[in-house]
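First up is the structure itself, then whatever we jot down about it.
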Amino acid sequence: MERNYATQMDAARRGIVTPEMEAVAKKEYMDINKLMELVACGKVAIPANVNHKCLSPEGIGSMLRTKINVNLGVSRDCKDYDIEMQKVQSAVDLGADAIMDLSSHGDTSPFRRKLTSECPVMIGTVPVYDSVIHYQRDLDTLTAQDFLDVVRLHAEEGVDFVTLHCGITRKTIEQIKKHKRKMNIVSRGGSLVFAWMCMTGNENPFYEYYDEILEICREYDVTISLGDACRPGCLADATDVCQIEELVRLGELTKRAWERDVQVMVEGPGHVPMNQIAANMEVQKTICMGAPFYVLGPIVTDIAPGYDHITSAIGGAIAAMNGASFLCYVTPAEHLALPNVEDVKQGIIASRIAAHAADIAKGIPHAREIDDRMGDARRALDWEKQWECALDPETAKSIRDDRSPEHDDTCSMCGKFCAVRSMNKALSGEHIDIL
Ligand code: SF4
């Protein structure tokens, strides 16, 4: 049946309840009218391309559960799509809400179409990565139309959200040279757009032809994820002029998208000291009028390569508690290599911990119920119930089984000195045998 609305935002503004809104309201225990209000004003986005038929829709934004994204995809040095499909399966099994295909080698269409025809989670891409390999031509030979055509290709293939680095312009070139950042631009997409502007002398096509891009996104209901090309790549560059100047432009572009009923998310930092994260969230909320904030990390120290799933989980929890709605996971392989399947798992678990801890702190409905169930199971020393509540029951169970206790009701940490066991026995008037 032909739908009588262009985007979820268009529908919400016209009081039309879409199947996607109904699904999201149910998942989030939210009144449908409240959700429509948030979608209509842009504080919630429901990335749902009309061509992604098997999608299980999610909402991203204010008053909703914090969502997490998993990046994957092949590169020139690691081009095995079977391994990527293993990562996809792991991501879905471990509760990822979105997957971004960042493939940067070979013909990327078959994998992308496989994702949007078989995978129920939101699918995102960064079309500028694909532009170079799609045409198999060097960056400086690409035209603005070439970049737009790849955005349309990804939209046609069912991608729910696209990261577009529309926020840097030729003015940014002077900014970067003038402010001598310690790490300049670390965004892969941002650096490609910056390099293209430098080599061609032209304006950023994603900025210059923004209206054309909005029409493509409106046609397929693709959500624009406004990329932060100037996200800080080290603590020294955090919250600097380049980052904030770009954020101001992203706020303007958010307003223009909403005028065309196009849904928007705004991407955020990066490497940020813990004491600056809350302020970054507040500034974004004001400048971007409450548009959902999609942050990478933030990573709270630069000195933990191999453990950046932990540094980003710390920052992600603080960011989400202060308003970020969407966390891009970071794996132990960050800054080092393309993540393998185990890295992907560690990254997902770490960012899910950050998101969940923030949801409890934000008072998201029902968020803490599972923690209370875990508390009950632990008091009852009911290990099966504990696995049911665990984020990663497999790992938890294998640790206990690896060093199994003498007495089944305890664990080998304390054995018969188990405080829970003693208290349960004491409170029920039983004798407590320790030796
Ligand atoms: S043995 Fe110690 S660590 Fe294990 S359940 Fe009992 S109190 Fe907890």
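The values are calculated or read from the model by the stated rules, or taken from the named source; none is laboratory data. Quick caveat: nothing in here was measured; it's all calculated off a predicted structure. Here the Cβ positions follow ideal geometry from the backbone for every residue, glycine too, while neighbour counts run over all protein chains shown. Side chains are part of the model used for accessible areas, which takes the heavy atoms of the whole protein and leaves out ligands, DNA and RNA. Shrake-Rupley method; radii C 1.70, N 1.55, O 1.52, S 1.80 Å.
Some observations on this one:
- Potential extension, ARG170-GLU388 segment - 0.36 nm per residue separation minus Cα distance: 73.1 nm
- A simple rule links phi to the HN-Hα coupling: the Karplus curve 6.51 cos²θ - 1.76 cosθ + 1.60 with θ = phi - 60°, which for the stretch 411-423 gives 9, 6, 5, 10, x, 6, 7, 3, 5, 5, 4, 4, 5 Hz, with x for Gly and Pro.
- Shape category assigned to the chain from the gyration tensor of Cα positions, a/c cut at 1.5: prolate
- Gyration tensor verdict on the stretch 4-59 (Cα atoms; rounded if a/c is under 1.5, prolate if a/b is larger than b/c, oblate otherwise): oblate
- Net charge dipole size for the stretch 379-427 [Lys, Arg +1 and Asp, Glu -1 on Cβ; Debye, nearest 20]: 340 debye
- Derived scalar couplings ³J(HN,Hα) [the stretch 19-36; Karplus, 6.51 cos²θ - 1.76 cosθ + 1.60; whole Hz; x for Gly, Pro]: x, 5, 5, 4, 5, 5, 4, 5, 4, 9, 6, 10, 4, 4, 5, 5, 4, 4
- Ranking ALA358, PRO339, ILE99 by how far each Cα lies toward the positive end of the dipole of the chain (charges on Cβ) leaves ALA358 at the top.
- Within the same chain, aspartates and glutamates fewer than 8 places from LYS27 are excluded, and of the rest, those with a Cα less than 18 Å from its Cα are GLU37, GLU58, ASP93, ASP97, ASP359, GLU369.
- With every protein chain in place, the stretch 166-301: carbon and sulfur % of accessible area (1.4 Å): 55 percent
- Amide H within-cut-off set for MET100, under 5 Å, with H built and near neighbours excluded: VAL70, ASN71, LEU72, GLY124
- Cα centroids of the stretch 191-234 and the stretch 71-121: 23 Å apart.
- Entries of LYS67/LYS345; LYS177/LYS285; LYS345/LYS416; LYS26/LYS362 with Cα pairs more than 26 Å apart: LYS177/LYS285; LYS345/LYS416
- Under 22 Å from the Cα of LYS182 - lysines, other chains or at least 8 residues apart: LYS171
- Globularity ratio of the stretch 197-322, using Cα Rg and 2.2 N^0.38 Å: 1.12
- Magnitude of the charge dipole, the chain, Cβ model with Lys/Arg +1 and Asp/Glu -1, debye to 20: 920 debye
- The string of couplings for the stretch 369-383 from the Karplus curve (6.51, -1.76, 1.60, θ = phi - 60°) is 4, 5, 5, 5, 5, 5, x, 4, 5, 5, 4, 7, 6, 9, 6 Hz, one whole number per residue in order, with x for Gly and Pro.
- Once the Cα-Cα distance is subtracted from the 0.36 nm per residue extended length, the HIS335 to THR301 segment shows a gain of 11.0 nm.
- Computed from the C-beta positions of GLU252 and GLU212 and an R0 of 25 Å, the FRET efficiency is 0.90 to the nearest 0.05.
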